[in-house]
1. Would you tally the residues in the stretch 64-118 being within 30 Å of Arg183 (Cα to Cα) and in contact with a Lys or Arg (Cβ under 7 Å, 6 or more places away or on another chain)?
2. Would you kindly identify the strands (runs of 3 or more DSSP E) lying entirely within the stretch 72-180 that contain at least 1 residues that are among the polar types (S, T, N, Q) and buried (at least 19 other Cβ atoms within 10 Å of the Cβ)?
3. Please pick out the residue among Arg69, Arg59, Arg38 that is under 30 Å from Glu190 (Cα atoms), of a type in the set (D, E, K, R) and modelled with pLDDT of 95 or more.
4. Would you say Leu211 is more than 18 Å from Phe128 (Cβ to Cβ), in contact with a Lys or Arg (Cβ under 9 Å, 6 or more places away or on another chain) and outside any helix (DSSP H, G or I)?
5. Give all pairs with beta carbons closer than 9 Å in which a residue from the stretch 128-141 that is closer than 25 Å to Ala114 by Cα and in contact (Cβ under 8 Å) with a residue 24 or more places away in the chain meets a residue that is surrounded by 14 or more Cβ atoms within 10 Å (Cβ to Cβ) and aromatic (Phe, Trp, Tyr); count only pairs at least 6 apart in sequence or on separate chains.
6. Determine which member of the set Arg194, Arg134, Arg183 is under 21 Å from Gly84 (Cα atoms) and either over 19 Å from the mean Cα position of the chain (by Cα) or basic (Lys, Arg) (or both).
7. It is to be established whether one or more residues within the stretch 32-44 are among the β-branched types (Val, Ile, Thr) and touching a helix residue (DSSP H, G or I) at 6+ places or on another chain (Cβ under 8 Å).
Amino acid sequence: MLYVVPTPIGNLEDITARALRALKESSVVFCEDTRRTRRLMAHFGLGAPLERYDENDERSVEKLLERVRRGDAVSLVSDGGCPGVSDPGRRAVAAARREGLPVTSLPGPAAVTAAIAGSGLPGDSFVFLGFLPRAASKRRRALEDAKTLGRTIAVYESPFRALELLEDAEAALGPQAQCVAARELSKIHEEYLRGTVAGVKAALAARPEILGEFVILFHPDPEPAHA
């Protein structure tokens, strides 16, 4: 069995009892970074051996699949969050599905859902774009395409390009579109900045340094009076 196991995005208390059981009972844990996963395993007193999983290496994918074919209990984790959701893991799961191998995906921590739930923006339907392309023109095109759906838009971004993303959003969605920048989710310095795209951009630009990983949310409509 291949277990797709979400791990905490910051606060270790967010791991589920089922995730801990899967990791404990696994013959091997394939992970994005063995150093980070080793710290997680040690914190919870878990001793399963670790193997590095490289999404771009066919040999790594095949090594994982071979363990599942043998009937081993195999867990797949990323550095934080859910494998396959803007994290490595999709290729292994897709290959296992093609072969008819058993796969189960455990529910658990995910930055995008945590951000939407805490943002106050509509969450009944949303567009998740993950990490956008580096080129400004491609980022703007992606935002313009998403705007036509009239839904909340969720984007992952690093602190080094957060302002660039907001500049592109201002051009693609308009300065008065709603925006929430969620930073350092579940960690000590968790923060939500809410306002218009122009307002959130100005607030971040005024800081001497921008730190922490972001989930930046947009809604193309101005904030309604009743919100």
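The values are calculated or read from the model by the stated rules, or taken from the named source; none is laboratory data. Quantities reported herein were computed from a predicted structural model and do not represent experimental measurements. Here Cβ is always computed from backbone atoms with ideal geometry, including for glycine, and neighbour counts include all displayed protein chains.
1. Qualifying residue count, the stretch 64-118: 3.
2. Values: elements: 74-77, 103-105, 126-131, 152-157.
Fully inside the stretch 72-180 and qualifying: 74-77, 152-157.
3. Working: Arg69 fails: under 30 Å from Glu190 (Cα atoms); Arg59 fails: under 30 Å from Glu190 (Cα atoms).
Step by step, each of Arg69, Arg59, Arg38 is checked, and only Arg38 is under 30 Å from Glu190 (Cα atoms), of a type in the set (D, E, K, R) and modelled with pLDDT of 95 or more.
4. Details: more than 18 Å from Phe128 (Cβ to Cβ): yes; in contact with a Lys or Arg (Cβ under 9 Å, 6 or more places away or on another chain): yes; outside any helix (DSSP H, G or I): yes.
When the stated conditions are applied, Leu211 passes them.
5. These pairs meet every condition: Phe128/Tyr156; Leu129/Tyr156; Gly130/Tyr156; Phe131/Tyr156; Leu132/Tyr156.
6. Working: Arg194 fails: under 21 Å from Gly84 (Cα atoms); Arg183 fails: under 21 Å from Gly84 (Cα atoms).
After ruling out the rest, the residue left standing is Arg134.
7. Keep residues of the stretch 32-44 that are among the β-branched types (Val, Ile, Thr), which gives 34, 37.
Still in the list and also touching a helix residue (DSSP H, G or I) at 6+ places or on another chain (Cβ under 8 Å): none.
Among the residues of the stretch 32-44, not one is among the β-branched types (Val, Ile, Thr) and touching a helix residue (DSSP H, G or I) at 6+ places or on another chain (Cβ under 8 Å), which makes the answer no.
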